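Data block below; observations after.
The values are calculated or read from the model by the stated rules, or taken from the named source; none is laboratory data. Predicted model, so just to flag it, every value in this text is computed and none were measured. Glycine also receives a Cβ, built like all others from the backbone with ideal geometry; neighbour counts cover every protein chain displayed.
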Amino acid sequence: MITELGHFALVLAFLVAIIQVVVPLVGAHKRWPGWMAVAEPAANTQFLLTAFSFAALTYAFVTSDFSLRLVTLNSHSAKPMIYKISGVWGNHEGSMLLWVLILTLFGATAAWFGGNLPPTLKARVLAVQSAISVAFFAFILFTSNPFLRLAVPPFDGQDLNPLLQDPGLAFHPPFLYLGYVGLSMAFSFAVAALIEGRVDAAWGRWVRPWTLAAWVFLTIGIALGSWWAYYELGWGGFWFWDPVENASFMPWLFAAALLHSAIVVEKREALKSWTILLAIMSFGFSLIGTFIVRSGLLTSVHAFANDPERGVFILMILVFFTGGALTLFAFRAKAMEAKGVFGMVSRESALVANNILLAVSSMVVFVGTMWPLVAEMFFDRKLSVGAPFFNMAFTPFFVVLGAILPIGAMLPWKRGSIARAFRPLRGAFILAVALAALAFAMQTGRSAMGPVGLFLGSWLVFGAMVDIWTRTGRGAVSGRLRRLIRLPGADWGKAVAHGGLGVTMFAIAGLLAWEDEDIRVVREGESFEVAGYSLTLDKVERVQGPNYISTMGTVQLARDGREITTLYPEKRVYPVAEMPTTEAAIDYGFLRDVYVVIGDPQDNGGWAIRTYYKPLANWIWGGAILMALGGFLSLSDRRYRVAAGARRRRDGVGVPAE
């Protein structure tokens, strides 16, 4: 009964979404307040109905209702509860319902916190947001219905993909979807502004919090996915340039560009057309990512579906919204005349350079991801584009970005001087060069990647520290420290996020330059050395898990005769899914990880053992945490909340300069 109610609620939400598209748009065009006011209760109703539908599907998974086809295909009675719940979105149909739930949540949030938006803009934003909901409701109901029943329910289910039975993957999709779908709000604001034919500083102030929230959630989701790949897949890497990884990375880059571009619109009323275009492209690439994951055109270890018909439907959604928005942009571009004028050397120019580097790097990832498909379709050639291409084509753009970012952050608006901006950064530059030189002197027979990465990372971190310190003005240190504590959240957020980017850049470069790998056959009782550590394989035994059978090794890790810890690498087999997984054993350290994987038994009685020494591995995700924290600090700044901006406009108070 609950399942049927969930299905019915989904149909009702679809109908409410259609009403929310038509009535507010007509009302905004005719300036009818009553029709425009329909948008807010419709957004709330749409969200509540979708939430009930999602709760009904979750109930079916938790209670192991195998009369539901989706539960049978993706659950099992012996599965731990956390994976019964995560199984709701660990499949194509359920994940699309989660997508729509978050989409309606953002629409309802805009209704809750958009009270100070102009009525016509608010009505149009909510209508455009609902138009996206209509498309995805139709996609779910007509091609991916999660509430289909089985005529003869089985005794038990077929279990969830074992790779997805992991805490990291349980939380990774919700955060990623919050980022993906969150960019729909920037898209809705952009299309609503194009319909009205007006983009001004107030619009830039409204769109920034939504973009920032989406970027933060994308950062967390990507970091969780990278961490999962690192410890779960057993390959010893954190990023493989997999199509699904790239699908989330591309909108992240565009969203970062949009964030910085919106600053120029807010502060100087310049780059209006470019900012609107970035808002369209950010969400467009979110839809491209959805298409990549669900069309079956590109293979991945964590793609959701392999159904070309569904892929065509998503492609139609992509073409309609992105193509329609770009067409509207072409007609309205002349109406978005920039007011602010700035020189070649200015913060505006630095932000333009930032935008170009981020956008071009995203397009490089897009070309590398899609080129195998293009080559097969048009040239009848099967190609594989892997890490060598991406590292060579993508890295230079981020190296340049890291080099110019601290100076660009110090430049004044309108016009400035590079020499004057660099003057307070001299100490940070010298310290960064000294650290890079020290690293280069200490390493032997290694590439320059590590020292260069250390320079860029420390240059970004120290530059961010100098930037925030200069915002305290002049005077006694005690007074500047008091002013430092009272600085707005956006200032702290920018410094922390830029510092986090520096930490991540250095960690990636250091790991790739200084890691060690060892692959060998080891018998029980034998010891071997890797990067100064001694490892001993004590035993290998068979262990029964809740819903799997494990071959577990016991490995003693020691250094200089002192025992550090015991590691338990596993190779699991899930009988229901008939699928093996590798569970790496990792000794996490502040400056390094020791990573051990057990393989198959060998003919001589030994076991294949892979061991990795991973310097600075945890700093990669530490940097991502700092970037996300910086985003949250910026969101806490009342200057960038819609209500605060509107209140200042009513009171005639200007927004402080950044």
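The table below gives the values:
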quantity: Any chance residue 461 is assigned by TED's automatic domain parsing to the domain that holds residue 361 and not polar (S, T, N, Q); calculated: no
quantity: The stretch 553-579 - residue that is part of a strand (DSSP E or B) and in contact (Cβ under 8 Å) with a residue 40 or more places away in the chain and, of those, nearest to residue 159 (Cα to Cα); calculated: 574
quantity: Residue check, residue 256 aliphatic (A, V, I, L, M), assigned by TED's automatic domain parsing to the domain that holds residue 363 and either outside any loop (DSSP other than H, G, I, E, B) or in contact with a Pro (Cβ under 6 Å, 6 or more places away or on another chain) (or both); calculated: yes
quantity: Members of the stretch 49-72 found to be in a helix (DSSP H, G or I) and free of Cβ contacts under 8 Å to residues at least 40 places away in the same chain, listed by number; calculated: 58, 61, 62
quantity: Selection status of residue 100, under 27 Å from residue 214 (Cα atoms) and either assigned to a helix (DSSP H, G or I) or touching an Asp or Glu at 6+ places or on another chain (Cβ under 7 Å) (or both); calculated: yes
quantity: Hits in the stretch 520-538 (condition: in a loop (DSSP other than H, G, I, E, B) and surrounded by 13 or more Cβ atoms within 10 Å (Cβ to Cβ)); calculated: 524, 526, 531
quantity: Of residues in the stretch 445-484 being part of a loop (DSSP other than H, G, I, E, B) and of a type in the set (Ser, Thr, Tyr), the one surrounded by the fewest Cβ atoms within 10 Å (Cβ to Cβ); calculated: 447
quantity: Subset of the stretch 500-515 [more than 18 Å from the chain's Cα centre (by Cα) and part of a helix (DSSP H, G or I)]; calculated: 506, 507, 509, 510, 511, 512, 513, 514
quantity: Breaking point among (1) at pLDDT 90 or above; (2) within 26 Å of residue 204 (Cβ to Cβ); (3) of a type in the set (A, V, I, L, M, F, W, C), for residue 223; calculated: (2)
quantity: Enumeration of residues in the stretch 365-394 that are surrounded by fewer than 18 Cβ atoms within 10 Å (Cβ to Cβ), β-branched (Val, Ile, Thr) and modelled with pLDDT of 85 or more; calculated: 367
